[in-house]
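Chemist: Quick one: this structure, given as structure tokens, is what I'll be asking you about.
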Amino acid sequence: MATLDGKLPAGPIKDKWTTYKNKVDLVNPANKRNIDVIVVGTGLAGGSAAATLAEQGYNVKAFCYQDSPRRAHSIAAQGGINAAKNYQGDGDSTYRLFYDTVKGGDYRSREANVHRLAEVSTNIIDQCVAQGVPFARDYGGLLDNRSFGGVLVSRTFYAKGQTGQQLLLGAYSAMNRQIARGKIEMFNRHEMLDVVIVDGKARGIIARNLVTGEIERHSAHAVVLGTGGYGNVFFLSTNAMGSNATAAWKAHKRGAYFANPCYTQIHPTCIPRSGDYQSKLTLMSESLRNDGRIWVPGLKEDVEAIRSGKLKPTEIAEENRDYYLERRYPAFGNLVPRDVASRAAKERCDAGYGVNATGEAVYLDFASAILRYGKEQATIQGEKNASEARLKELGKEIVKAKYGNLFDMYKQITADNPYQTPMMIYPAVHYTMGGIWVDYNLMTTIPGCYAIGEANFSDHGANRLGASALMQGLADGYFVLPYTIGDYLSDDIRTGKISTDTPEFESAERNVREGIERLVNNNGSKSADYYHRKLGNIMWEKCGMSRNELGLKEAIEEIAELRNDFYQNISVPGKADELNQELEKAGRVADFLELGELFAKDALDRKESCGGHFREESVEVGGPQDGEALRDDKNYAYVSAWEYTGKPSEAVLHKEQLEFKDIELKQRSYK
């Protein structure tokens, strides 16, 4: 076991990033024209990085498995993006965003990276406004803000319920400008299947053309992975069906350490699972918790009546409702962090208060907000004696303006009208805080290989706060990587073009071809989806919202057995040299079957509860924090970075000790 060096700059935390930028080595414009950079993934992190590096003068090759960068999963982000602008004058600051993020992550993130994120957050908003991103504005035309979980200020900028889409269009337009200039060479419908290491440095990738099946070699002086997270290891998640961990996992198997794989976020507001036939779940934005109140019936007989269809939720009297988040966490109420809200929902449902047929749903109710907004509008319009029906009519228009597309989506999926009856929600896998280990420069343990956005582990600790994923992706791509990568590439100004006609590229290509042939020629009887569902069930039941030693040990054994069965019985119809989506899925599931085992191994090794990692053996007993996650700072205040040695079960643990010099390390409380 080695102790990892995060390569943090010296000096006070508020000066680290500025000092770094002042002293970092640069590449002059003439030399940038001779340097190639590969960017894999074109979501917010990869797209912004590709556009910015090309703008600086580098030659960029960008790869995505979708038919257009516009289809990256970043497009699905709904609620907003955080920035410490303090436009509301409510006490926000760079330090408060830094503090909220470290606390929200349950003190398991690297202080220096988080402070840098808070610093550059304000630049992101200016950049996106300049691109034409249509952020919501108040009556006077100024940019509007709303609140998200785990904070006491309003710092979230938003574009109705489609913030990710609008931000991605901004990055996409910046990319298109560089594509037109010839500075970005775009490879749509290509999937990275290996990293090529030459003389110890990442010098290219092997990619498969998903339309023709052709295996291609691509070289560069550096490789950047902006390929998102691994939430689909659970099969059912809010991620796009195609979201996968293959690029990150291939880099891991080539030497990039994988950090904190057990840190997974279960989002509290998702449409509940309705049957075994489902292939994905749908997110309802956390922004809904600004105005929606979460509750379950306080009486078991009401629960039974609702499940049997004899009682409607709107018929339950106020005194017979349990607004359990407001009851348990009066300071933050319905805006507690996601891990806290998810566990609270699970506790109520496990206690028998779930309100749907499966017993796995709670209510998200907007009746109070509609009336509150209605009264406000009636006052503004001088309607002193407005009826309740009129108040609801006025209030509905305000709620519709804020959340209309989300309400429409909910109605289309469930056939219930959330303006008239409460939404039903339940937690679901949404985001992964773990990922490839990177240092302060965002470089992995493979020199020249970088990981940005959700693909790395660096900023969110054990739990990400809402609206911070978009912030990190764009911070890394627009404002951090373009500085840090130059420091590395400054040594490559005389290297010249990287050849693909080398033994290293030949070996990597052969490795990829052999893996594909093994799948296509297996002649088994079971589909990739069969194994993916099996894996997802193991992960959810034994590595989900709560975990224990017995379940994790069982998960490790069961996943290993499932992986062995996969290679004996997988069936991949079609050929390798054609469009073959079953082959794509099989390759991704094969990687998930390895990652899932490392996930369980990491969760078993970390015998504490923190953020999204809840060990049933490590719970606060008694006192004001009774039942909450119990951290073990003495033994586990470190990043777990795993080195691949041939099998996930034999991965070697390396530790990066976390130091807290600017924030007091203490029990997290939202009460």
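Chemist: What is the calculated FRET efficiency for residue 569 to residue 93, with r their C-beta to C-beta distance and R₀ = 56 Å, to the nearest 0.05?
Modeler: The value I calculate is 0.45.
Chemist: Round to a whole angstrom and tell me the spacing of the C-alpha centers of segment 490-568 and segment 290-322.
Modeler: Between the Cα centre of segment 490-568 and that of segment 290-322, the gap is 45 Å.
Chemist: Compute the helix-to-body angle for 163-181: its Cα long axis versus the longest principal axis of the chain, expressed 0 to 90° and rounded to tens.
Modeler: The angle comes out near 30 degrees.
Chemist: Order 549, 617, most accessible first, counting only protein heavy atoms with a 1.4 angstrom probe.
Modeler: Sorted descending by solvent-accessible area, the residues read 617, 549.
Chemist: Under 1.5 on a/c is rounded, so check that first for segment 295-389, then, if it is not, pick prolate when a/b is larger than b/c and oblate when it is not; a ≥ b ≥ c are the square roots of the alpha carbon gyration tensor eigenvalues.
Modeler: oblate
Chemist: For segment 68-125, with only Lys/Arg (+1) and Asp/Glu (-1) charged at the beta-carbon, what is the dipole magnitude about the Cα centre, in debye rounded to 20?
Modeler: 300 debye
Chemist: Then there is this: Quick one: ranking 199, 100 by accessible area, 1.4 Å probe, largest first, what do you get?
Modeler: From most accessible down to least: 199, 100.
Chemist: Report relative contact order for segment 1-129 in percent, whole number only (criteria: Cα-Cα under 8 Å, sequence separation at least 6).
Modeler: 19 percent
Chemist: Another question, then. To the nearest 10 degrees, how steep is helix 338-348 against the longest Cα principal axis of the chain, on a 0 to 90 scale?
Modeler: Once rounded, one gets 50 degrees.
Chemist: Here's a follow-up. Could you list the residues of segment 52-89 with an amide nitrogen less than 15 Å from a label point located 7 Å from the Cα of residue 180 in the Cα-to-C-beta direction?
Modeler: 55
Chemist: Would you kindly state how much longer the chain becomes between residue 142 and residue 384 on full extension, computed as 0.36 nm times their sequence separation minus their alpha carbon distance, in nm to one decimal?
Modeler: 84.2 nm
Chemist: Please compute the length gained on full extension between residue 667 and residue 30, using 0.36 nm multiplied by the number of residues separating them and subtracting their Cα-Cα distance.
Modeler: The span from residue 667 to residue 30 would gain 224.1 nm if fully extended.
Chemist: Calculate the length of the line joining the C-alpha centroid of segment 27-42 to that of segment 108-168, in whole Å.
Modeler: 28 Å
Chemist: If I stretch the segment between residue 581 and residue 327 completely, what's the gain in nm (0.36 nm per residue apart, minus their alpha carbon distance), one decimal?
Modeler: Here the segment from residue 581 to residue 327 would lengthen by 86.6 nm.
Chemist: Still on this structure, I have one more. Could you tell me which residue out of 414, 475, 311 lies farthest along the dipole of the chain toward its positive end? Charges go on the beta carbon: Lys and Arg +1, Asp and Glu -1, centred on the Cα centre.
Modeler: Most positive-ward Cα: 475.
Chemist: How high is the relative contact order of segment 406-522, in percent, counting Cα pairs under 8 Å that sit 6 or more residues apart?
Modeler: 16 percent
Chemist: When only C-alpha pairs under 8 Å and at least 6 residues apart count, what is the relative contact order of the chain, in percent?
Modeler: Relative contact order of the chain: 21 percent.
Chemist: If one computes the Cα centroid of segment 217-252 and of segment 384-453, what distance in Å separates the two points?
Modeler: Here the two parts' Cα centres lie 23 Å apart.
Chemist: May I pose another question? Under a plain spin-label model, where a point goes 7 Å from the Cα along Cα-to-Cβ, how far apart in nm are residue 211 and residue 23?
Modeler: 4.9 nm
Chemist: Once Lys and Arg get +1 and Asp and Glu get -1 on their Cβ, which of 333, 562, 536 lies farthest toward the positive end of the dipole of the chain?
Modeler: 333
Chemist: Accessible area per residue for the chain in Å², computed with a 1.4 Å probe and the full protein assembly in place, what is it?
Modeler: Each residue of the chain exposes 38 Å² on average to a 1.4 Å probe.
Chemist: Ok, one more. In debye to the nearest 20, how big a dipole does segment 86-197 give about its Cα centre with +1 on each Lys and Arg Cβ and -1 on each Asp and Glu Cβ?
Modeler: 200 debye
Chemist: Would the chain count as rounded, prolate or oblate if I go by the C-alpha gyration tensor, calling it rounded below 1.5 in a/c and otherwise prolate when a/b exceeds b/c, oblate otherwise?
Modeler: prolate
Chemist: Please report, as a whole percent, how much of the solvent-accessible surface of the chain comes from carbon and sulfur atoms (probe radius 1.4 Å).
Modeler: 46 percent
Chemist: Size of the dipole of the chain about the Cα centre, Lys and Arg at +1 and Asp and Glu at -1 on the beta carbon, nothing else charged, in debye to 20?
Modeler: Its charge dipole is roughly 1260 debye.
Chemist: Return the FRET efficiency for the residue pair residue 616, residue 557: r is the Cβ-Cβ distance, R0 is 22 Å, and the value is rounded to the nearest 0.05.
Modeler: Plugging the Cβ-Cβ distance into 1/(1 + (r/R0)^6) gives 0.70.
Chemist: Right, here's the next one. Quick one: ranking 383, 376 by accessible area, 1.4 Å probe, largest first, what do you get?
Modeler: 376, 383
Chemist: Ok, one more. Using only the Cα atoms of segment 105-168, build the gyration tensor, take square roots of its eigenvalues as a ≥ b ≥ c, and label the shape rounded, prolate or oblate: rounded if a/c is under 1.5, else prolate if a/b is larger than b/c, else oblate.
Modeler: prolate
Chemist: Can you check what the net charge comes to around residue 382, using other residues whose Cβ is under 15 Å from the Cβ of residue 382 (Lys, Arg +1; Asp, Glu -1)?
Modeler: Here the count lands on +1.
Chemist: Right, something else. In the chain, if the dipole is taken from +1 on Lys/Arg beta carbons and -1 on Asp/Glu beta carbons about the Cα centre, which of 394, 166, 428 is farthest to the positive end?
Modeler: 394
The values are calculated or read from the model by the stated rules, or taken from the named source; none is laboratory data. A quick note: this is a predicted structure, and the numbers were derived from the prediction, not measured. With ideal geometry, Cβ positions are generated from the backbone for all residues, glycine too; neighbour counts draw on all protein chains shown. Ligands, DNA and RNA are stripped out before the accessible areas are found, and what is left, the full protein with its side chains, is counted by its heavy atoms. Shrake-Rupley method; radii C 1.70, N 1.55, O 1.52, S 1.80 Å.
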